[in-house]
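Structure first, commentary second.
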Amino acid sequence: MTRRRLAVVGYASIDEISGPGSTGLVEAIGGGAIYAALSAARLGVDVALHVSFGADFPAAWIERLAARGIDLSATRHVDNLTRRARLSYDSDEERQAGADRDAAWRRATESLRPPLPDAAEHDAVLLCPMPLDLVAQAVTFLRGRTCIVADTSEIFAAAGPAALAAFDGVDVFAPSLEEAHRLTGEAEEERAAAVLAARFPLVVLKRGRRGLLRLEGSAKLARPVDIVAAIDPTGAGDATVGALATALITESDPLRQLEVAVEAGRLAVSAQGPAALGW
């Protein structure tokens, strides 16, 4: 049987993580595309990573990605510094003030834009959090040629309802609940969900410890998460969406798709950085 192919588009970063579950400041491979790709690779699909590596991105990390069976042929090497993020969490797993992305992070976001995939080579393409104009470019290029799954982040969702236009044409939109509030301007979950469900064919809301909510037209399906003690919440949403994109092309049952995605999120928080995802 031919293995399914998933392209993961986004960013790689160098993260410095501290929080209740860590013993101090820990440097780890990061970036939404990295967590999503590692999450997908462990589920038995062929994963092609589309990122740009900065000049200071550790070569040993690139070798480890290749050793995980991730296709790096579409990656680029750029003579600019890697995106770096310092992530600090409190006892409630909330990101503390001061962990916001700085000007250097934003400059690297511009200089390390990922290459876009050829849709014909993949059963689905996952667009991890990235600038809105790049999302719109990718959707225009890929629309109607493959299944497009899109995620975003609070930084890019901060543009508010106007940002939604960048995602028009995606097949599956998978924002967090907080991002949904920002993108719709609706403070209530039900109203925010309704706005997104009316705009996209399939919406999967990431609701943290409350699990996932799937909306397809007027049909709703929820999958709660079994609570676990979180060591590190970094990348949990990215791992969830990586698994979701995989399940969409390997599993026909909607509930099973959610179960696969929820389990990936639970797994991601159980260790520092992406260690629990096979890293």
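Do we have Ala222 as in contact with a Gly (Cβ under 7 Å, 6 or more places away or on another chain), surrounded by fewer than 17 Cβ atoms within 10 Å (Cβ to Cβ) and not polar (S, T, N, Q) here? Before the answer, list the steps.
On the way: in contact with a Gly (Cβ under 7 Å, 6 or more places away or on another chain): yes; surrounded by fewer than 17 Cβ atoms within 10 Å (Cβ to Cβ): yes; not polar (S, T, N, Q): yes.
Judged against the criteria, Ala222 is a match.
Please enumerate the residues belonging to region 51-84 that are of a type outside the set (A, V, I, L, M, F, W, C) and part of a helix (DSSP H, G or I). So that I can check it myself, show each step before the final result.
First, the residues of region 51-84 that are of a type outside the set (A, V, I, L, M, F, W, C): 52, 54, 56, 58, 63-64, 68-69, 71, 73, 75-77, 79-80, 82-84.
Listed by number, the residues that qualify are Glu63, Arg64.
Scanning region 225-258 for residues being at pLDDT 95 or above, of a type outside the set (Asp, Glu) and more than 13 Å from the chain's Cα centre (by Cα) gives a total of 10. Under 7 Å between Cβ atoms, at least 6 apart or on separate chains: pull out the pairs that start in region 117-129 with a residue that is at negative phi and end on any residue that is β-branched (Val, Ile, Thr) and assigned to a loop (DSSP other than H, G, I, E, B). From residues that are at negative phi, the pairs are Ala119/Thr146; His122/Thr146; Asp123/Thr146; Ala124/Thr146; Val125/Thr146; Pro129/Thr152. In region 200-222, the residues that are farther than 15 Å from Val172 by Cβ form Cβ pairs under 8 Å with partners that are part of a loop (DSSP other than H, G, I, E, B), at six or more places apart or across chains, as follows: Arg209/Val225; Arg209/Ile227; Arg210/Pro224; Arg210/Val225; Gly211/Pro224; Gly211/Val225; Ala222/Gly211.
For region 261-278, the condition of being under 20 Å from Ala33 (Cβ atoms), surrounded by fewer than 19 Cβ atoms within 10 Å (Cβ to Cβ) and in contact with a Leu (Cβ under 7 Å, 6 or more places away or on another chain) holds for at least one residue.
A single member of Val262, Val204 is modelled with pLDDT of 95 or more, touching a Lys or Arg at 6+ places or on another chain (Cβ under 7 Å) and in a strand (DSSP E or B), and it is Val204. Among the residues of region 111-161, those identified as crowded, with 16+ Cβ neighbours inside 10 Å, within 25 Å of Ala85 (Cβ to Cβ) and among the hydroxyl-bearing types (Ser, Thr, Tyr) are Thr152, Ser153.
Taking region 85-167 as the region of interest, the helices (runs of 4 or more DSSP H) fully inside it that hold 2 or more residues being out of contact with any helix residue (DSSP H, G or I) (no Cβ under 9 Å at 6 or more places or on another chain) and modelled with pLDDT under 95 are 103-111.
Contact annotation: residue pairs with Cβ atoms under 7 Å, 6 or more positions apart or on different chains, pairing a residue in region 233-247 that is over 11 Å from Ala40 (Cβ atoms) with a partner that is acidic (Asp, Glu) and not in a helix (DSSP H, G or I), are Pro233/Glu93; Thr234/Asp15.
The values are calculated or read from the model by the stated rules, or taken from the named source; none is laboratory data. Only a predicted model underlies this, so the values are computations on that prediction, with no experimental measurement involved. Note that we place each Cβ from the backbone using ideal geometry, even for glycine, and neighbour counts take in every protein chain shown.
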